[in-house]
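K.L.:
First the structure, then my questions, so here it is.
The values are calculated or read from the model by the stated rules, or taken from the named source; none is laboratory data. All figures in this text were calculated on a predicted structure; none of them were measured in a lab. Counting neighbours? That spans all protein chains shown, and the Cβs are built from the backbone with ideal geometry, glycine included. Ligands, DNA and RNA are stripped out before the accessible areas are found, and what is left, the full protein with its side chains, is counted by its heavy atoms. Shrake-Rupley method; radii C 1.70, N 1.55, O 1.52, S 1.80 Å.
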Amino acid sequence: MAAVPEENKLSYNFLGRSGLKVANICLGTMTFGDSGVKRPGQATEEYSHQVLDRYVQWGGNFLDTADVYSQGLSEKFIGSWLSKQSREQFVVATKVRGNSAVGVGLSRRHIVNSIERSLERLQTDYVDLYQMHLWDDGTPIEETLRAFDDLVRCGKVRYIGASNVVGWQLQKIVCTSEKLGLNPFISLQQQYSLACRETEFEPLQVCKTEGLGVLPWSPLKGGLLSGKYTRDSPPTSGRLGWVREDEKRASQAMPDWSALEGNDQIWNIIDALQDIAKSHGKSMAQVSLRWLLQKDVVPSVIIGATSLEQLDDNLGASSGWALSSEEMARLDEVSQPRIPYPYEMIWRLNRSRRNPYQSSYFVSNSD
Ligand SMILES: NC(=O)c1ccc[n+]([C@@H]2O[C@H](COP(=O)([O-])OP(=O)(O)OC[C@H]3O[C@@H](n4cnc5c(N)ncnc54)[C@H](OP(=O)(O)O)[C@@H]3O)[C@@H](O)[C@H]2O)c1
């Protein structure tokens, strides 16, 4: 593949209120390994290593995986590659909570078991960012936070973060850590894209006010925001095509076409993406990713790719160009979610009360 010009290589940001610097595009590895479900685009070990090598050629250092991706194969494929690299060069993020061979949830017991397995698969002594994959209703948050803090203190983990939480849960994590004098969470990995902005109402406000970096996942809503599907040409291949064959396969990262095709807002977003992409000579995927990269709470976007061509396309969003404030505003407006009570009322009646030293504001509204 062509050499990556210096000016297009990935840029770097601090991850939240921490001293950790990461590439502004993180390589998501959910598509590494096949756990037997025969989902299209799942990569072999060899192809996964080619993807990792290419990401490094773009100057990337930030890898995201989870204990449950392809039943541990994603971590394993990263491990066999990482063992041939200089370990310190990379920021490796993984997660715990899902149903794995050693259990489920965020109990101290499960966390300690799971990190040991992850370290083995990743062939490393430490994980740079350890994330709770999803809130666990079954475990007191104090137990989870103390276990995470212990992992930092004993050196198995460098930093800790959250994923998939609502606003009060994240605020509780922040306040409980403070009250107990524990290491703070530095990041929130959350679904965030032009097609999914409700998380701005609460969790992103907490990130903004408490200094956590937001790591958007499914930034292209499973491929939809690459613009490769139109209302009249539904998916027949790839992830969305696979879900369309059997709607029971649908999930947040794998949207169901029948819910998308009649959604006018989605097609208005795609139209705006097409116009903006054309005027920059960029792809629609790059514009979708760029919109996220220009949000002040986002230090890095987690991408997914099933081919080296998609990878190159997505990494081309990183640097060397930008959307204008008018283009950002157009995309903000066309993708604006309906703002429910009480958010709408609080935001509207506070328009004349904006205080730059005060925290509360809507990420989506520039006025
Ligand atoms: N914390 C969580 O709960 C959570 C959940 C989901 C994901 N994640 C993380 O986020 C990462 C990214 O998520 P995601 O895979 O759902 O991201 P996404 O960007 O929404 O979707 C990626 C998919 O879109 C298609 N695609 C990507 N780039 C494209 C391009 N330039 N042109 C055309 N099609 C393109 C590919 O699928 P096809 O080729 O099959 O169409 C690709 O697999 C994951 O790997 C994982 O690390 C975390």
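K.L.:
Could you check region 46-57 and list, in sequence order, the residues that are within 14 Å of the ligand (Cβ to nearest atom) and open to solvent by less than 30 Å² (accessible area, probe 1.4 Å)? Spell out the reasoning first.
P.N.:
So the first thing to find is which residues in region 46-57 are within 14 Å of the ligand (Cβ to nearest atom), and the list is 47-48, 51-52, 54-55.
Residues satisfying the conditions are S48, V51, L52, R54, Y55.
K.L.:
Just one of A43, A2, A23 is under 17 Å from D312 (Cβ atoms), exposed (fewer than 15 other Cβ atoms within 10 Å of the Cβ) and either among the aliphatic types (A, V, I, L, M) or within 16 Å of the ligand (Cβ to nearest atom) (or both); which is it? Spell out the reasoning first.
P.N.:
Values: A43 fails: exposed (fewer than 15 other Cβ atoms within 10 Å of the Cβ); A23 fails: exposed (fewer than 15 other Cβ atoms within 10 Å of the Cβ).
Among A43, A2, A23, only A2 is under 17 Å from D312 (Cβ atoms), exposed (fewer than 15 other Cβ atoms within 10 Å of the Cβ) and either among the aliphatic types (A, V, I, L, M) or within 16 Å of the ligand (Cβ to nearest atom) (or both).
K.L.:
A follow-up question, please. Kindly evaluate S233 against the criterion of being modelled with pLDDT of 95 or more, over 22 Å from E344 (Cα atoms) and among the hydroxyl-bearing types (S, T, Y).
P.N.:
Values: modelled with pLDDT of 95 or more: no; over 22 Å from E344 (Cα atoms): yes; among the hydroxyl-bearing types (S, T, Y): yes.
It is false that S233 is modelled with pLDDT of 95 or more, over 22 Å from E344 (Cα atoms) and among the hydroxyl-bearing types (S, T, Y).
K.L.:
Moving to a separate point now. Residues being assigned to a loop (DSSP other than H, G, I, E, B), surrounded by 16 or more Cβ atoms within 10 Å (Cβ to Cβ) and within 16 Å of the ligand (Cβ to nearest atom): count how many of those fall in region 100-124.
P.N.:
2
K.L.:
Quickly run through region 294-306 and pick out the residues that are within 13 Å of the ligand (Cβ to nearest atom) and not hydroxyl-bearing (S, T, Y).
P.N.:
Restricting attention to region 294-306, the residues satisfying the condition of being within 13 Å of the ligand (Cβ to nearest atom) are 300-306.
Matches in region 294-306: V301, I302, I303, G304, A305.
K.L.:
While we're here: Find the residue count for region 207-222, including only residues that are of a type in the set (V, I, T) and either in contact with a His (Cβ under 8 Å, 6 or more places away or on another chain) or crowded, with 24+ Cβ neighbours inside 10 Å (or both).
P.N.:
First, pick out the residues of region 207-222 that are of a type in the set (V, I, T): 209, 214.
Keeping just the survivors that are either in contact with a His (Cβ under 8 Å, 6 or more places away or on another chain) or crowded, with 24+ Cβ neighbours inside 10 Å (or both) gives 214.
Number of matching residues: 1.
K.L.:
Looking only at residues in region 180-190 that are free of Cβ contacts under 8 Å to residues at least 40 places away in the same chain, assigned to a loop (DSSP other than H, G, I, E, B) and not polar (S, T, N, Q), which one is farthest from T144 (Cα to Cα)?
P.N.:
G181
K.L.:
Right, next: Out of region 186-237, which residues are among the hydrophobic types (A, V, I, L, M, F, W, C) and within 14 Å of the ligand (Cβ to nearest atom)? Lay out the reasoning, then the answer.
P.N.:
Here is the first cut: in region 186-237, the residues among the hydrophobic types (A, V, I, L, M, F, W, C) are 186, 188, 194-196, 201, 204, 206-207, 212, 214-215, 217, 220, 224-225.
Across region 186-237, the qualifying residues are L188, L194, A195, C196, V214, L215, W217, L220, L224, L225.
K.L.:
Go through (1) within 11 Å of the ligand (Cβ to nearest atom); (2) open to solvent by less than 50 Å² (accessible area, probe 1.4 Å); (3) in contact with a helix residue (DSSP H, G or I) (Cβ under 7 Å, 6 or more places away or on another chain) one by one and return the number of the condition A250 breaks.
P.N.:
Unmet for A250, out of (1) within 11 Å of the ligand (Cβ to nearest atom); (2) open to solvent by less than 50 Å² (accessible area, probe 1.4 Å); (3) in contact with a helix residue (DSSP H, G or I) (Cβ under 7 Å, 6 or more places away or on another chain): (1).
K.L.:
Let me ask another. Would you mind telling me which numbered condition in (1) touching a Phe, Trp or Tyr at 6+ places or on another chain (Cβ under 6 Å); (2) under 17 Å from L331 (Cβ atoms); (3) open to solvent by 40 Å² or more (accessible area, probe 1.4 Å) R231 fails?
P.N.:
(2)
K.L.:
Next question, about the same structure. How many residues, within region 258-286, are within 16 Å of the ligand (Cβ to nearest atom), surrounded by 13 or more Cβ atoms within 10 Å (Cβ to Cβ) and modelled with pLDDT under 95?
P.N.:
Of the residues in that region, 1 qualify.
K.L.:
Something else: Among E344, E245, E326, E333, which is within 16 Å of the ligand (Cβ to nearest atom) and either of a type in the set (D, E, K, R) or more than 22 Å from the chain's Cα centre (by Cα) (or both)?
P.N.:
Values: E344 fails: within 16 Å of the ligand (Cβ to nearest atom); E326 fails: within 16 Å of the ligand (Cβ to nearest atom); E333 fails: within 16 Å of the ligand (Cβ to nearest atom).
After applying the criteria, what remains is E245.
K.L.:
Given G138, G167, which one is of a type in the set (G, A, S) and open to solvent by less than 20 Å² (accessible area, probe 1.4 Å)?
P.N.:
Within the list G138, G167, the selection yields G167.
K.L.:
Got at least one residue in region 288-296 being of a type outside the set (A, V, I, L, M, F, W, C) and assigned to a helix (DSSP H, G or I)?
P.N.:
Kept after step one, since they are of a type outside the set (A, V, I, L, M, F, W, C), are these residues of region 288-296: 288, 290, 294-296.
Subset that is assigned to a helix (DSSP H, G or I): 288, 290.
Yes, region 288-296 contains at least one residue that is of a type outside the set (A, V, I, L, M, F, W, C) and assigned to a helix (DSSP H, G or I).
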